[in-house]
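Working notes, structure below.
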Amino acid sequence: MTVPILAPAHREWYCPKCHKTDVTTDLHGGKPHTRFHTCPKLGFLTAPMLPVGTKGKLEAHEREDYVGRELVRLDANNRPIMNVVTTRDNGTDTTVYAPTATGRGDA
Amino acid sequence: MAWSASKIFATFIEDSLENTAAYDLNTDAIKIALYNNTTAPDNTVATATRAYDTGVWATANEVYDGAEWPQTGQALAGVDLTVAAAVIKFDATDEVSDGTSATLANVYGCLIYDDAVGDSGICYNYFGGVQSV
């Protein structure tokens with residue numbers, strides 16, 4: 001008996017900032033997903049990629065508020081980054097770097 | 001007072017240590033709900049007012065978008081509690097919208113709560129400014 005082998009669908013990605021490319025196979029059960037990468041052009045933040053064929057840009061935004069004791073995400077230049085916004089022709093995506101919630105216990 | 005920091009609720013720690021509530025952060029269904037800047041979080045509130053849809057965490061302040069990011073929030077996957085040296089860390093897989101066209105405006109932070117134990121609040125995280133998509 002011949003058993004057909006079904007190849008999973010694959011998606012091609014690119015970064016408009018650093019021009020890295022990548023390919024993922026659809027192992028997410030058909031759910032939407034976005035490929036991420038460590039982007040040297042965005043201070044080595046973990047940033048989303050865009051599907052090949054989709055025009056867009058990536059922008060990192062600094063935290064708008066006082067940092068204080070917050071454990072925030074810092075980029076390679078030690079700037080506190082609160083998000084990376086992907087702007088496409090037909091909308092935007094936002095990757096939020098939520099600070100870590102903390103509690104303190106004194107001995 | 002508006003959003004200014006990210007905190008663990010003090011009564012969450014107290015209730016855990018006193019066995020007032022049977023939290024199991026490795027197996028309970030943990031959810032994340034988004035909130036606007038009308039919410040004024042306070043990590044010292046009583047147990048009764050740190051739950052989802054109580055106190056400042058009322059649904060009137062929640063930001064959601066149908067099935068894209070549902071009301072009551074989305075379930076966190078890969079939740080895990082670990083101890084390393086003197087640090088106890090509770091983490092989860094990065095959460096992504098359930099849909100492909102979410103519209104979420106004026107988001108300032110989130111409430112992480114235990115859906116299995118009375119929607120009890122664990123912590124809140126301030127996103128550092130206004131977020132939208």
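No lab work stands behind these numbers, since they all come straight from the coordinates. Bear in mind the structure is a predicted one, so any value in this text is a computation, not a measurement. Glycine also receives a Cβ, built like all others from the backbone with ideal geometry; neighbour counts cover every protein chain displayed.
Taking all C-alpha pairs of segment A:10-96, those more than 15 Å from each other amount to 60 percent. How many angstrom lie between the Cα centre of segment B:30-58 and the Cα centre of segment A:51-107? Here the answer is 22 Å between Cα centres. Per-residue Cβ neighbour counts within 10 Å put B:79, B:107, A:67 in the sequence A:67, B:79, B:107, beginning with the fewest.
Restricting the calculation to Cα atoms, segment B:7-131 yields a radius of gyration followed by a Dmax of 14.2, 43 Å. Once the mean of 1/r is taken over each pair of separate Cα atoms and inverted, the protein assembly as shown shows a Kirkwood hydrodynamic radius of 19.4 Å.
Couplings 3J(HN,Hα) of segment A:36-50, computed from phi: 10, 8, 8, 9, x, 7, 10, x, 6, 6, 7, 10, x, 10, 10 Hz, in residue order, whole Hz [Karplus 6.51 cos²θ - 1.76 cosθ + 1.60, θ = phi - 60°; x for Gly and Pro]. Taking the protein assembly as shown as the region of interest, the number of lysine pairs whose Cα atoms are within less than 27 Å, with members eight or more places apart or on different chains, is 16. Neighbour counts of C-beta atoms inside 10 Å place A:49, A:1, A:82 in the sequence A:1, A:82, A:49, starting with the fewest. Return the calculated 222 nm mean residue ellipticity for chain B, to the nearest 500 deg cm²/dmol, obtained by summing -39500 (n - 2.57) across DSSP H runs with n ≥ 4 and dividing by the residue count. Taken over chain B, the calculation gives -1500 deg cm²/dmol. Amide H contacts for residue A:100 (H built 1.01 Å from N in the peptide plane; partners 5 or more residues away or on another chain; cut-off under 5 Å): A:71. The fewest-to-most ranking of A:2, A:86 by surrounding Cβ atoms within 10 Å reads A:2, A:86.
Of the candidates B:25, B:34, B:81, which one comes out as most mobile in a Gaussian network treatment of chain B with C-alpha springs shorter than 10 Å? Evaluated over chain B, the most mobile residue of the options is B:81.
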